[in-house]
2 protein chains.
Amino acid sequence: MHCGWFSGNKHPTRSSRNRLLAAPVYCVRTEHKGKAYIFFLLLNSVRYTNMASSLLSHQMRYTVQRSLGLFVPRYRCVSKTATKSSLDFEYNGPSMKTEVPGPRSRQLMKQLNVIQNTDAIHFFCNYEDSRGNYLVDVDGNIMLDIYTQIASIPLGYNHPALFKVMQNPQNLSTFINRPALGILPPEHLPEEIERSLLSIAPRNLRKVQTMACGSCSNENAYKSIFIWYRNKERGNSKPSKKELDTCMINQEPGCPVYSILSFMGGFHGRTFGCLATTHSKSIHKLDIPSLDWPIAPFPKLKYPLEEYTRENAQEEARCLEEVEDLIVKYRKKGKNVAGIVIEPIQSEGGDNHASADFFKKLREIARKHGAAFQVDEVQTGGGSTGKFWAHEHWGMDDAADVVSFSKKMLTGGYFHKDELTPDGPYRIFNTWMGDPSKNLLLSEVLNIIKTEKLLDEVQKSGKALLNGLYDLQLRFPHIVSAARGVGTFCAIDAKNEQMRNTLIEKARSKGVVLGGCGERSIRFRPALVFKEHHAHLFLNIFNDILAELK
Amino acid sequence: MHCGWFSGNKHPTRSSRNRLLAAPVYCVRTEHKGKAYIFFLLLNSVRYTNMASSLLSHQMRYTVQRSLGLFVPRYRCVSKTATKSSLDFEYNGPSMKTEVPGPRSRQLMKQLNVIQNTDAIHFFCNYEDSRGNYLVDVDGNIMLDIYTQIASIPLGYNHPALFKVMQNPQNLSTFINRPALGILPPEHLPEEIERSLLSIAPRNLRKVQTMACGSCSNENAYKSIFIWYRNKERGNSKPSKKELDTCMINQEPGCPVYSILSFMGGFHGRTFGCLATTHSKSIHKLDIPSLDWPIAPFPKLKYPLEEYTRENAQEEARCLEEVEDLIVKYRKKGKNVAGIVIEPIQSEGGDNHASADFFKKLREIARKHGAAFQVDEVQTGGGSTGKFWAHEHWGMDDAADVVSFSKKMLTGGYFHKDELTPDGPYRIFNTWMGDPSKNLLLSEVLNIIKTEKLLDEVQKSGKALLNGLYDLQLRFPHIVSAARGVGTFCAIDAKNEQMRNTLIEKARSKGVVLGGCGERSIRFRPALVFKEHHAHLFLNIFNDILAELK
């Protein structure tokens, strides 16, 4: 074992409070079975002494355990936290001062509860002091964030590059003069869209419409699909007077009873159109009037996928057959399926995967029946699967007619084929149609993703994360199972909902923010700056929790 | 006539281009029938020489006309443009260099057309150089903006106070770390909402939920109404298993077939739920599936309202009767009306007014039938009627159960009664639930509205605008009629749609940006910094246009 001192990292941005980390770092190098492991300890800080000694005892315990052969072969021990890399402005690890929510959070909850329902609030945050992968709460707790505001923070908190965008005086006007983009766009809009959105446009989709959020994106994508489908049906002739009159009173034929086919377990948003295609949890849908649109089963696969290829293929075939049956059934009802909407990985619904083969065949079914194929990448898009779009993993030239996005893209919107461009003004329209200030930030995010090769980093850290989860489910099969994922877009199931919630709470109390999905899954949604050492840091903490529950 | 030199206004903010106005101002004082008039001329600038001489000849012409008794009594002549006041950072008047759209705009349209449908685009803007009430386009034309991005710019362009907000380093984090407000709000959220939204909360509504845009606000307001109504119907007991199961597949009883009653001519947004309550133009609704919800007639009143009180009261009574009939009819169909949604002034639908008495009675009908009463103030709210909310003009203590907003409020959202608070977490929810960076800007907007007494200013300039419109319709009754308005929220009808469009185009070519609404109306939607002298400036230009068409 070799030891030595490193100078501590002082993050370069300003802060209103004095919660910055300026502690010297103590480096420990150790070897086990011919492999070198390095880890850092922070000793010259009251705040971090506890964490450091905790990590130290952690390491000691695991070294002993490993020597005694208590670990299954693929398990990654704490020492891998040493592969710390370039994200120098963030904290060196979690640091907990209080329970979470702490006293200040609870006080603020009371205050906000006078104004709003606060039942969903986890805790209040100090975003000014949050850094990179670390979210700081109002009680001074520093937590490794593997949920990132429901998968919506691309570069972690307070990335210096985004600060620079904000500090550039030339950019300020974009933040205070929000235009009605559909009628009076700013001079730089075409160039800005080319630089940002078109630079990562899915293959074959060269048209893009920005929107304010994910729900608006899907709502307007559906509208584009209906307009396109109806134009096809009427032979691209002009609408009749009857159509123009009846649409004003919500009646056929002006408002046709066409439908969008969606999947059980899918989530596409919560406004009325989106909600008619969302089927993940009843609390989202209860008491809200809806539309009679077809809902197909999504394949319920066994994990790891490569071990159950035959059964999984059968399950996928069953679902595809059901899709075709529904399309035929709804056409007979006069409720033609104008489009099919699906997530590449069902996220809110439980991180449910399907094979590339399934999606290829589904896309073919859509084509065969003249329905548009929309891939909802609101949660999967933006790089966390290791490719910019999750559907790129299917390896198709013509994967989709529409791809919607939001969250990590900072702006909502959707790419689409030329033929889905609205055939006139004001058909796809609202006051703002997005927000150029979000495009501006997105441009810089994309720049950082490229220059720092963050998709490669995601692949590396995702591999570390998933391998670690595989190991943990082998060690704790009575608690966790079905580890799965692509890139860092990973998940694992707990034995039931209660255990899942316990695991999330215990992780939080040890300084890790996680999110649930589906009935009993934990979803991992780190930022793109999540590195291998963060994965190992988490895995060690998670291992402790599982071991305590053993 | 007295003349003298004033130093020109140099606006205090930075600009990337050299299009600033630094021209000395030549002041002309004149008297007519015992009243003093002052006007400014800009002579030391090539750009403004044309405008100045145009204004001068304008004045000369009108002085002659007035002397000859050619004016109707209430007409305001150009000299009133002299009452210029405190908004010193803006331009002194329109200045046209090219036709609009000019060559650069047309070039950019071609560029953007590769990416999006651009049929609705008027021209491209240079927002950096726009100031106060003046919108600058990419061809260097400076236009008086009386449409303000579809009524969504509260303080005009590049207000120095908003620049200060952006330049404060403490605020930057709010712009780059967008939180998931429903689960991880920032520390300052309760305080920020108290300072901003709650400071202008409608009477009796102390709960507020922010959202990203107007459509999302209405969609979620409707959801709140349905949840509240359904809870009442089930006696606030827990939902049954059948309800929980059926809602997942869009079926009753989990997804009840309840409805929202809306009005013909109303506009509440374009997402599926909103669109089912929008009935202003067929192009918004054509080809989009909808819901069978009741649509009542909105009173078609004669203007000026005070001259037709008896006929108008009859028309309103007819509509109210129809509302009650529809509620009963839809209850019989099992499609209970859970809520009524209405704009205080139908905006997109044609600036259709109704009396305070109508709204009072409608509110009573809602109460009588157990339906929530939602006032959609997305376009009317924020001060342009001379009160902060248009419904304040009704003089009611308990005007609404829900008030939705967006546009000039910068953030979307809705105020509501305590009993409409969702009864559990995640029922009204999405990833972002608004954007704290918009709240931050809103706080400063509200501060400026209060300190600069902008509602008083709106009342003054609104009076000048409306009186001018009254005069013009007396002078040009074959072209314009039905001038109407509250505050600066004014409108006038052209004789037909083609004439309306001609008037808007001609105004633009003379440096005034206007917007249409309804079939043949022009709507005036200036910013809150629109002063009396802007009204007179516009009226003179509009008078010229009408005179040319005579």
Taking the residues in segment B:284-304 that are in contact with a strand residue (DSSP E or B) (Cβ under 7 Å, 6 or more places away or on another chain) and not in a loop (DSSP other than H, G, I, E, B) as candidates, determine which candidate is farthest from the other protein chains (Cβ to nearest Cβ).
-> B:296
Flag if residue B:250 is more than 10 Å from chain A (Cβ to nearest Cβ), more than 24 Å from the chain's Cα centre (by Cα) and crowded, with 19+ Cβ neighbours inside 10 Å | no
Tell me which residues, restricted to segment A:141-166, are part of a helix (DSSP H, G or I) and at the interface with chain B (Cβ under 7 Å from one of its Cβ atoms).
-> A:149, A:150, A:162, A:163, A:166
Under 7 Å by Cβ, and 6 or more places apart or on different chains, what pairs join a residue from segment B:416-438 that is facing another protein chain (nearest Cβ under 7 Å) with one that is polar (S, T, N, Q) and assigned to a helix (DSSP H, G or I)?
-> B:422/B:224; B:430/A:215
Would it be correct to say that residue B:211 is in contact with a strand residue (DSSP E or B) (Cβ under 6 Å, 6 or more places away or on another chain) and surrounded by fewer than 21 Cβ atoms within 10 Å (Cβ to Cβ)?
-> no
From the option list B:375, B:337, single residue qualifying as more than 11 Å from every other protein chain (Cβ to nearest Cβ), in contact (Cβ under 8 Å) with a residue 12 or more places away in the chain and closer than 26 Å to residue A:213 by Cα is B:375
Only strands (runs of 3 or more DSSP E) wholly contained in segment B:361-466 count here; list those with 2 or more residues that are in contact with a His (Cβ under 6 Å, 6 or more places away or on another chain) and at pLDDT 95 or above.
-> B:372-376
Residue ID - surrounded by the most Cβ atoms within 10 Å (Cβ to Cβ), chosen from residues in segment B:317-344 that are of a type in the set (D, E, K, R) and in a loop (DSSP other than H, G, I, E, B) = B:343
Would you check which residues across segment B:234-273 are closer than 25 Å to residue B:301 by Cα and part of a helix (DSSP H, G or I) and list them?
-> none
Quick check, is residue A:377 of a type in the set (D, E, K, R) and in contact with a Gly (Cβ under 8 Å, 6 or more places away or on another chain)?
-> no
Enumeration of residues in segment A:274-283 that are assigned to a helix (DSSP H, G or I) and facing chain B (nearest Cβ under 7 Å) = A:282, A:283
If you go through segment B:284-313 one residue at a time, how many are within 30 Å of residue A:288 (Cβ to Cβ) and without any contact (Cβ under 8 Å) to a residue 40 or more places away in the chain?
-> 11
With respect to residue B:174, determine if the residue is of a type in the set (Val, Ile, Thr) and in a helix (DSSP H, G or I).
-> yes
Pairs, first within 20 Å of residue A:275 (Cα to Cα) in segment B:220-239, second among the acidic types (Asp, Glu) and at pLDDT 95 or above, C-beta under 6 Å, six or more apart = B:226/A:287; B:227/A:287; B:230/A:287
Quick one: residue B:255 ticks every box in (1) more than 7 Å from every other protein chain (Cβ to nearest Cβ); (2) at pLDDT 95 or above bar one, so which box is it?
-> (1)
If we scan segment B:280-288, do we find a residue that is surrounded by fewer than 24 Cβ atoms within 10 Å (Cβ to Cβ), among the charged types (D, E, K, R) and more than 24 Å from the chain's Cα centre (by Cα)?
-> no
In the set A:494, A:507, which member is over 21 Å from residue A:101 (Cα atoms) and at pLDDT 95 or above?
-> A:494
Can you run down the residue pairs with Cβ atoms below 6 Å, 6 or more apart or on separate chains, where the first is in segment B:138-160 and under 16 Å from residue A:431 (Cα atoms) and the partner is at pLDDT 95 or above and among the hydroxyl-bearing types (Ser, Thr, Tyr)?
-> B:150/A:431; B:152/A:431
Please indicate, with yes or no, whether at least one residue in segment B:498-521 is assigned to a strand (DSSP E or B) and free of Cβ contacts under 8 Å to residues at least 24 places away in the same chain.
-> yes
Is segment A:207-219 home to any residue that is in contact (Cβ under 8 Å) with a residue 60 or more places away in the chain, assigned to a loop (DSSP other than H, G, I, E, B) and within 8 Å of another protein chain (Cβ to nearest Cβ)?
-> yes
So, in segment A:415-442, of the ones that are touching a Phe, Trp or Tyr at 6+ places or on another chain (Cβ under 7 Å) and more than 23 Å from residue A:527 (Cβ to Cβ), which residue ends up surrounded by the most Cβ atoms within 10 Å (Cβ to Cβ)?
-> A:420
Would you be able to say whether some residue in segment B:99-118 is of a type in the set (Asp, Glu) and at the interface with chain A (Cβ under 7 Å from one of its Cβ atoms)?
-> no
Just to be sure, is residue A:461 in contact (Cβ under 8 Å) with a residue 12 or more places away in the chain, among the hydroxyl-bearing types (Ser, Thr, Tyr) and away from chain B (no Cβ under 14 Å)?
-> yes
Restricted to segment A:179-197 and to residues being at the interface with chain B (Cβ under 7 Å from one of its Cβ atoms) and within 27 Å of the chain's Cα centre (by Cα), the residue surrounded by the most Cβ atoms within 10 Å (Cβ to Cβ) is A:193
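Per-residue answers, yes or no, for (1) in contact with a helix residue (DSSP H, G or I) (Cβ under 9 Å, 6 or more places away or on another chain); (2) within 8 Å of chain B (Cβ to nearest Cβ):
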position: A:133; (1), (2): yes, no
position: A:136; (1), (2): no, no
position: A:177; (1), (2): yes, yes
position: A:201; (1), (2): no, no
position: A:222; (1), (2): yes, yes
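The values are calculated or read from the model by the stated rules, or taken from the named source; none is laboratory data. Bear in mind that the values here come from a model prediction, so they are computed numbers and not experimental data. Neighbour counts are summed over all protein chains in view; Cβ atoms, including those assigned to glycine, are modelled from backbone coordinates with ideal geometry.
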